[in-house]
Structure formats: structure tokens, C-alpha cells
Amino acid sequence: MAYKMPTQKYSGKILEVTVGSDLKLGGESVLPFYGFDGNIGNKPAIGMEIWDIFPESWPAAVLDVFKDAADDPLKWAAYCVEKYKPDFICIKFEGASPDGLNRSVEECAEIAKKLADNLTVPLVIAGCQDNDKNAKLFTKIAEALTNKNYAFLSAIEANYKEVAAAVGLAYGNIVVAESSVDLNLAKQLNILITQLGVKPDKMLMNPGCAAVGYGFEYVITTLDRIKLAALEQNDETLQMPIISPVSFEAWKVKESVVTQEDIPEWGPQEERGVAMEISSAVGVLAAGANAVILRHPRSVEVIRNFITEMTE
């Protein structure tokens, strides 16, 4: 009698959410990359991070990659799209921070509009570290990008009403619900946002992210539990695709920011940073992320090859 490999069937399915006009996320009915069990849905997407201002805090080894492009967000984004071909661009509006340039929301909206008008890939909009400013920022940018179906990272407990109402209801974009590495908090925020009237297929989740070695095991187990609840228990409140801003975390830990001159035995700073980014991205993808945001082109290349090997 021929051996028949057993398969695991689930009652639930991750929603398919379209970012922009044609970037589809989610749609899987099995655990990540479990093609032997069933439909793995759409391939995980890769985005590249840029800023609205010159990122002086980035390691020199990363800045050198982008040469003169990083002084203008439109030029920077176009350079990334042409040379590295990400699925989307994530622009982080660090210049809007009240502790920095305190760039006006109108100026930020103008930058976002220029990007939207000139790029061939969709945008993910990220804010600064000030929640109050982000609520105003996302509202103004969502208005400038009405019905573009772009994702706004993120609505959190402190500002979800304003962000979700503007981004998801008034201006026809996608709300990313961000929580702090806890299944119950993720579930609660998703419920609150949908109760405002935002449809689940106009939402993504960011249940929290970290770099390897920095609470990363909590991130992985949280993603695992969310996917199992969504698939095994058919929990509709947790069936939105997950986006993980890996670069935000991987490039701020000491292994990535300490120079070789400070600790020679650690080796080249660029190698360490890329290693942190790649290992963190692989971990969250294996645990259920449907999209990752990366910074270094070598990370993009390695993760793209990883996704291809796991899905084909």
C-alpha cells in the first residue's frame, strides 16, 4: 500500500487584502509555507524603508549604499524601485517629529502625494514617535491619497479612533492595527477598529516586532498563536494579514549600531546589521508575517530568495 502523507486541514482562512491596485497579501489557509497541507495564499511581500529626511542616524555603511539618493525621498524611492525592485515602499515621516524638524502635516502630505504620483509600487505610510502628531499626520496624508488603498502604519490604542476614522472610513485606505506583542491586545484592537466601521479586508495587523535576541521569542510565539487562532479556531478577529517592520527594530540594536572601531572583535558593522535584519525577517516570516519592511539591499535579496525557495 502506497504511503499517503497526512495533511492538516483548518476551518479558518487569512483574508486577502489588496494594497494599492494589485499587491495582494494573505489568502492562506495553512500555516506559513506549509504548501504540503494546502493553499499558502500569496507570497509574502518585501518593502524597503525610506525617510522623508536625510537619515543621519543610519550607519554609514547603509547610507553609502544609497549614495546621493537619500537626500530626496522621491529620488530615493525611485532608486530603490528601479535597482532593487521591492513590492512596496515604506516611507517613514521622521521629519514630522516635534522633537526634530517638526515638519508640518501639509508638507508631509505633499511628499506622500508626489511619491504616489510617480511610483509604480504602492506605499506604506509610517509616522514618527509622537502618537498625537501621527494621528494628525495620517489624517492629512490619507486625505491627499484618497482611495489609493495604501497602508498606514499604524493605528494604536492611543489614537485608533482618529486614525481609523480618517484612513479607513473617510479616505479609503488601509488601517494597520499595531499592538504590543500580545494576542489579546491584538484581538481587542482589531475589534475596536472594526466596531468603528472599518471592514476587515481594509485592515492589516502589526502585533509587534523585535530584533533577534531582544524579546524576539515573544514576537514569534505571539505570531504563532495569532495564526493558529485564525486558522484552527476560525477566529475572524485575527484573520487579517500581518506586516512586520523588521528594519525599524533590527537597525537600532547595539549589534547594528556599534562601529567596528568601538568593538573590533565584533567585525564589520554592515555585516552585523544585515545579519540581524535577515535573521529577524526569516523568523517573522516563518511565524506568519505576510509582509516585511527591510532597509539594506542585501537583506532584500536574501529574503526574496528565501521566499522563492519556500514557495516554489
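Tabulated data for the structure shown
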{"read-out": "Qualifying residue in the stretch 120-129 (condition: over 29 Å from Q195 (Cα atoms) and modelled with pLDDT of 95 or more)", "value": "yes"}
{"read-out": "Pairs with Cβ under 8 Å, 6+ apart, first in the stretch 252-268 and free of Cβ contacts under 8 Å to residues at least 40 places away in the same chain, second in a helix (DSSP H, G or I) and among the hydrophobic types (A, V, I, L, M, F, W, C)", "value": "V258/W266; Q260/W266"}
{"read-out": "Residue in the stretch 260-275 that is over 14 Å from the mean Cα position of the chain (by Cα), surrounded by fewer than 24 Cβ atoms within 10 Å (Cβ to Cβ) and within 18 Å of E217 (Cα to Cα) present", "value": "yes"}
{"read-out": "Pick from the stretch 1-53, criterion hydroxyl-bearing (S, T, Y) and more than 23 Å from K148 (Cα to Cα), ranking: surrounded by the fewest Cβ atoms within 10 Å (Cβ to Cβ)", "value": "Y3"}
{"read-out": "Subset of the stretch 213-254 [within 18 Å of the chain's Cα centre (by Cα), closer than 18 Å to I191 by Cα and in a loop (DSSP other than H, G, I, E, B)]", "value": "Q239, M240, P241"}
{"read-out": "Checklist (1) closer than 15 Å to N206 by Cβ; (2) hydrophobic (A, V, I, L, M, F, W, C); (3) touching a strand residue (DSSP E or B) at 6+ places or on another chain (Cβ under 7 Å) applied to A158, failing item", "value": "(3)"}
{"read-out": "Which listed residue is hydroxyl-bearing (S, T, Y) and in contact with a Gly (Cβ under 6 Å, 6 or more places away or on another chain), from S21, S29", "value": "S29"}
{"read-out": "Matching residues, the stretch 1-60, being charged (D, E, K, R), touching an Asp or Glu at 6+ places or on another chain (Cβ under 7 Å) and not in a loop (DSSP other than H, G, I, E, B)", "value": "K24"}
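Each row is one residue, and each column tells you yes or no for (1) touching a helix residue (DSSP H, G or I) at 6+ places or on another chain (Cβ under 9 Å); (2) within 22 Å of S247 (Cα to Cα); (3) assigned to a helix (DSSP H, G or I).
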| residue | (1), (2), (3) |
| --- | --- |
| C128 | yes, yes, no |
| K136 | yes, no, yes |
| N147 | no, no, no |
| V175 | yes, yes, no |
| L185 | no, no, yes |
| L189 | yes, no, yes |
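The values are calculated or read from the model by the stated rules, or taken from the named source; none is laboratory data. Computed from a prediction, not measured in an experiment: that's the story for all the values here. Here the Cβ is made from the backbone with ideal geometry for all residues, glycine too, and neighbour counts use every protein chain on show.
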